[in-house]
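This report concerns only the one structure given below.
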Amino acid sequence: MKKISISILMLFCFLSTAIASDGPGMPTLNTNPSLDVIVTRTTPLLSFKNAEGGALPKIYEVELDLSDSFNSLNLRKFNLPESNGLVSALQIKQNSPLVNKKHWMWRVRAVDANGHKGPWAVSKFYIDSESDDHYSGFQRVYPKSVKTSSGSNPEFLIDYSDAGLNSQWRASPPGPNSEWIELDLGESKEISKIWLLAEFENTDGWLTDFHWLASNDGLNWNKIHNANVKNSNTYRSILDFAPHKARFWRLKITKFKGYAPALNEIMLFTQAQPEIPNIPTQPYVLVIGNQRNGFTFTRLTERISELEPKLAVVQIPFWKANMAMYNALPNKPVAIILSGNNANYNELPMFEYNGEYELVREAPIPILGICAGCQMNAFAYGYTRVHSMGWSDISAMRPQQNRTKINIEIKDPIFKKIPTPFIAPEIHGWAIYSLSDNYEVIAKSDYIQAIRRKDNMRYGVQFHPEIKVSYNQAVPVLKNFLKMALERAKN
């Protein structure tokens, strides 16, 4: 028996050595920033999923350049050790910012303990530090119908629910030399921004050359100036152009990757301020729905009413939230609560959240962010402060003994009647990695679980205090916040 055990051990060691000798694989650059995102700080946090394989410990070589050849005078080189988790990150230092309003190429490769170097993973991002300073000025325009030159399920293109990000239209192969998609708005409307999304994981179907046309009768078409793209190499596009009013909008696709063009979503925008919601005269909470379709991920509004019957609840979608809307409310809410969502930020037009960032930075009332709402507190001060963890923490799918235990780091009234450590429902794959100086961490597990702003009544919790399950020990967090907000409104 002992000889067999030794033989098995030797075989395991041999296999481990053989795997390690192959060297490390390629890291994955899809956590944050992913391909072509708009980075809103000149000192971004660059995170990536660790490479598999290779002998431990591993380090990573990271290079940034304004040139895709990585040999210009702007080349930056860094070395960093691999983190203990699934994701490693490089923080660009304040005293050495990147050039603003430029496309930056970046690449990463792993080097293992034996000196074996893995392949480079390459990506790019654009820095615009002013792009999230204010409400974007755009509101959605919903098409009444869509038709395509070929293919099935064109309705997926205008499905703006979260599920719509995973559904796709694809033209019929091999098809003609060009394909088209036509949107009918029902009436003539002024459009000045268009968002296009394809599938990130699969380049097959990506559009490379295309342009937009508009018509008021569906017969006579005019080409839209500055709404054309050539030699694209990304899965999403944001087109800005002079306002143009028309009922019918046609995307003409003239070149693509793979055997047939494919898209997940098209969204049109017009320049406008959101309307003012109807609000009650009694005290109320304003809930910002952060789901892709503007709703909440959980039954948040219902739970607020249960925990604090004195408060009414008004819910609006995130793209209708901004300071101008807040200032126009004749009766201000006692608090704002930012909901969670279940979408991947890499697949969202993040400029739609600019108005919510304004509220986080400027609203003079208490704010509580839950899950994605927690992350909005960090996003308001820089897009790359939040990143994919490389795994999903979903408490309901884990055995009781393996559920995340959360430790309270700083005593705060919001944790009244909550033990430490405590367990709460978790449903997320993204988390805050770093905070601006005006925030501090008040609870954590292996990652940041709760934050507060030092100079105002701002809170964020990564977990879900509103979910009704037997193991949720964090229910008092929501109840405490509502009571604190009511007390503050009385003074």
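The values are calculated or read from the model by the stated rules, or taken from the named source; none is laboratory data. Bear in mind that the values here come from a model prediction, so they are computed numbers and not experimental data. Neighbour counts run over all protein chains shown; Cβ positions are idealised from the backbone, glycine included. Calculation scope for accessible area: heavy atoms of the full protein, side chains included, ligands and nucleic acids excluded. Shrake-Rupley method; radii C 1.70, N 1.55, O 1.52, S 1.80 Å.
Scanning region 425-445 for residues that are open to solvent by 30 Å² or more (accessible area, probe 1.4 Å), of a type in the set (A, V, I, L, M) and either free of Cβ contacts under 8 Å to residues at least 60 places away in the same chain or part of a loop (DSSP other than H, G, I, E, B) (or both) gives L435, V441.
The set of residues in region 262-293 being open to solvent by 10 Å² or more (accessible area, probe 1.4 Å) and touching a Cys at 6+ places or on another chain (Cβ under 9 Å) is empty.
If I go through region 96-137 residue by residue, how many of them are assigned to a strand (DSSP E or B) and open to solvent by 30 Å² or more (accessible area, probe 1.4 Å)? Can you show your working first?
Looking only at region 96-137, we keep the residues that are assigned to a strand (DSSP E or B), and these are 103-111, 117, 121-127.
From what is left, the residues that are open to solvent by 30 Å² or more (accessible area, probe 1.4 Å) are 103, 105, 107, 109, 117, 122, 124, 126.
Final tally of qualifying residues: 8.
You will find that of A443, A424, A474, the residue that is under 14 Å from N407 (Cβ atoms) and out of contact with any helix residue (DSSP H, G or I) (no Cβ under 8 Å at 6 or more places or on another chain) is A474 and no other. Select from region 237-259 the residues that are hydrophobic (A, V, I, L, M, F, W, C) and open to solvent by less than 60 Å² (accessible area, probe 1.4 Å) and write down the one among them that is farthest from L196 (Cα to Cα). Among them, the one singled out is A246. As a summary of the residue check, W195 satisfies the conditions (1) of a type outside the set (D, E, K, R); (2) open to solvent by 50 Å² or more (accessible area, probe 1.4 Å); (3) under 18 Å from N346 (Cα atoms) except for the one numbered (2). Which members of region 220-236 meet the condition of being open to solvent by 10 Å² or more (accessible area, probe 1.4 Å) and either outside any strand (DSSP E or B) or among the acidic types (D, E) (or both)? Within region 220-236, N220, W221, K230, N231, S232, N233, T234 meet the criteria.
Among the residues of region 364-375 satisfying the criterion of being crowded, with 24+ Cβ neighbours inside 10 Å and of a type outside the set (G, A, S), which is nearest to P349 (Cα to Cα)? Spell out the reasoning first.
Taking region 364-375 as the starting set, the residues that turn out to be crowded, with 24+ Cβ neighbours inside 10 Å are 367-375.
Narrowing further to those that are of a type outside the set (G, A, S): 367-368, 370-371, 374-375.
Details: I367: 23, L368: 23, I370: 20, C371: 19, C374: 19, Q375: 16 Å.
The residue in question is Q375.
Output the residue which, of all residues in region 201-210 that are in contact with a Ser or Thr (Cβ under 9 Å, 6 or more places away or on another chain) and buried (at least 18 other Cβ atoms within 10 Å of the Cβ), is nearest to G137 (Cα to Cα).
The first filter runs over region 201-210 and keeps only residues in contact with a Ser or Thr (Cβ under 9 Å, 6 or more places away or on another chain), leaving 206-210.
Pick out the ones that are also buried (at least 18 other Cβ atoms within 10 Å of the Cβ) and you get 206-207, 210.
Numbers: W206: 29, L207: 27, F210: 26 Å.
Out of the qualifying residues, it is F210.
Scanning region 176-192 for residues that are over 13 Å from W249 (Cα atoms) and surrounded by 17 or more Cβ atoms within 10 Å (Cβ to Cβ) turns up just one, E179. Using the structure shown, decide if S136 is over 30 Å from P173 (Cα atoms), at pLDDT 95 or above and in contact with a helix residue (DSSP H, G or I) (Cβ under 9 Å, 6 or more places away or on another chain). Taking the combined requirement at face value, the residue satisfies it.
Among the residues of region 284-301, is there at least one that is assigned to a loop (DSSP other than H, G, I, E, B), free of Cβ contacts under 8 Å to residues at least 12 places away in the same chain and more than 18 Å from the chain's Cα centre (by Cα)? Show your work before the answer.
Residues of region 284-301 that are assigned to a loop (DSSP other than H, G, I, E, B), as a first pass: 290-299.
Those left that are additionally free of Cβ contacts under 8 Å to residues at least 12 places away in the same chain: none.
Checked region 284-301: no residue is assigned to a loop (DSSP other than H, G, I, E, B), free of Cβ contacts under 8 Å to residues at least 12 places away in the same chain and more than 18 Å from the chain's Cα centre (by Cα).
Counting only residues that are in a strand (DSSP E or B) and either over 22 Å from N342 (Cα atoms) or modelled with pLDDT under 90 (or both), region 394-410 holds 2 of them. Screening D217 against (1) over 30 Å from N342 (Cβ atoms); (2) assigned to a loop (DSSP other than H, G, I, E, B); (3) under 28 Å from the mean Cα position of the chain (by Cα) leaves a single unmet condition, (3). In this structure, I191 does not satisfy being of a type outside the set (S, T, N, Q), touching a helix residue (DSSP H, G or I) at 6+ places or on another chain (Cβ under 8 Å) and not in a loop (DSSP other than H, G, I, E, B).
Can you name every residue in region 295-309 that is of a type in the set (A, V, I, L, M, F, W, C) and open to solvent by 50 Å² or more (accessible area, probe 1.4 Å)? Explain how you work it out, then say what you get.
If we filter region 295-309 for residues that are of a type in the set (A, V, I, L, M, F, W, C), which is where we start, we get 295, 297, 300, 304, 307.
Those that are of a type in the set (A, V, I, L, M, F, W, C) and open to solvent by 50 Å² or more (accessible area, probe 1.4 Å): F295, F297.
Condition check for F200 on (1) at pLDDT below 95; (2) assigned to a strand (DSSP E or B): one failure, at (2). Enumerate the pairs (first residue in region 358-377 and more than 15 Å from H134 (Cα to Cα); second residue anywhere and hydroxyl-bearing (S, T, Y) and assigned to a loop (DSSP other than H, G, I, E, B)) with beta-carbon separation below 6 Å, excluding pairs fewer than 6 apart on the same chain, so at least 6 apart or on different chains. If the second residue must be hydroxyl-bearing (S, T, Y) and assigned to a loop (DSSP other than H, G, I, E, B), the pairs left are G373/S339. For E358, only one of the following conditions fails: (1) in a loop (DSSP other than H, G, I, E, B); (2) at pLDDT 95 or above; (3) among the charged types (D, E, K, R). What is its number? The one condition E358 does not meet is (1). Just for region 310-330: of the residues that are more than 19 Å from the chain's Cα centre (by Cα) and not hydrophobic (A, V, I, L, M, F, W, C), which one is surrounded by the most Cβ atoms within 10 Å (Cβ to Cβ)? Among residues in region 310-330 that are more than 19 Å from the chain's Cα centre (by Cα) and not hydrophobic (A, V, I, L, M, F, W, C), the one surrounded by the most Cβ atoms within 10 Å (Cβ to Cβ) is Y326.
Check whether at least one residue in region 313-328 is within 22 Å of V469 (Cβ to Cβ) and at pLDDT 95 or above, and report yes or no. Taking every residue of region 313-328 in turn, at least one turns out to be within 22 Å of V469 (Cβ to Cβ) and at pLDDT 95 or above. Scanning region 146-167 for residues that are open to solvent by less than 50 Å² (accessible area, probe 1.4 Å) and either of a type outside the set (A, V, I, L, M, F, W, C) or part of a strand (DSSP E or B) (or both) yields V146, T148, S149, S150, G151, P154, D159, Y160, S161, D162, G164, S167.
One residue stands out among those in region 376-393 that are part of a helix (DSSP H, G or I) and open to solvent by less than 20 Å² (accessible area, probe 1.4 Å): the one that is nearest to L45 (Cα to Cα), which is T384.
Of all residues in region 58-95, those that are exposed (fewer than 11 other Cβ atoms within 10 Å of the Cβ) and either charged (D, E, K, R) or without any contact (Cβ under 8 Å) to a residue 24 or more places away in the chain (or both) total 8.
Whether a residue is in contact with a strand residue (DSSP E or B) (Cβ under 9 Å, 6 or more places away or on another chain) and modelled with pLDDT of 95 or more was assessed, and N456 does not pass this test.
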